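These notes are about the structure you will find just below.
The values are calculated or read from the model by the stated rules, or taken from the named source; none is laboratory data. Source: prediction; values computed, not measured. Virtual Cβ from ideal backbone geometry, glycine too; neighbours counted across all protein chains shown. Keep in mind that these areas ignore ligands, DNA and RNA; they rest on the heavy atoms of the full protein, side chains included. Shrake-Rupley method; radii C 1.70, N 1.55, O 1.52, S 1.80 Å.
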Amino acid sequence: SWEKTVPPRKAAREPFECTIRMRHADGEYRWIHDTGAPAFGAGGEFLGYVGACTDVTERKRADDALRQSEDRFLTLATNLRHVLYVADPDRRRIHYVSPAYETLWGRSTTSLYREPMSWLEGVHPEDRVRVEAVLAEGRGTGSYSGEYRVVRPDETVRWVFDSAFEIQDERGVPVRVAGVVEDITERRRVEREVLEIAEREQ
């Protein structure tokens, strides 16, 4: 069966490229990447095709596994209350942010993709300098974490715990930052109440 087929180009004696499944002698189907270019004689007569067939079965399996993994990740990220994000090491480009960002920050994911540093505008003014310092330090250590307050457009305040780690390539060069932001407002409230009770009982 053809994954991609271009018979008109082949029939027109033009270069072609396609990926097909072929049945091996043992009965197993293998994915084959087929490319070809027309060959012509000195007088312009068509002599046939010169090409190559490459077994890409393992690559296809890896691609399918990666796609399934990405699908599972997106399903998980979409249903989690935590904010998941993937960005460039300097955070100047957001590759992915989960829908929970809109609930926690009260801002659209579209605005974050458009202005990757706009999330900082939602950080409480009293926490912003500290957060920026933690981010700067994290670029040198490969990871960072910290708590800070987010002020939504409706002026409600939420406490969050932001933790991230760098993803490196095979040379050890940071290529991405992946992180999770958890709403810890309720936890902070409970801790404060417990502390107040403890202080009253002293």
The answer for ILE32, listing residues at least 5 apart or on another chain whose modeled amide H is closer than 5 Å to its amide H, is ILE20, ARG21, MET22, VAL56
For the range 161-202: accessible area per residue (Å², 1.4 Å): 73 Å²
Enumerate the amide H contacts of HIS124 below 5 Å, restricted to partners 5 or more residues apart or on another chain; note that Pro and chain-start residues carry no placed amide H. ARG149, VAL150, VAL151
Could you look at the range 128-175 and say what percent of its accessible area is carbon and sulfur, using a 1.4 Å probe and all protein chains? 53 percent
Of the listed peptides 132-139, 95-102, 31-38, what is their order by residue-averaged count of other C-beta atoms within 10 Å, with the highest listed first? 95-102, 31-38, 132-139
Counting only residues 5 or more places away or on other chains, whose amide H sits under 5 Å from the amide H of GLY51 once H atoms are built in the peptide plane? ALA37
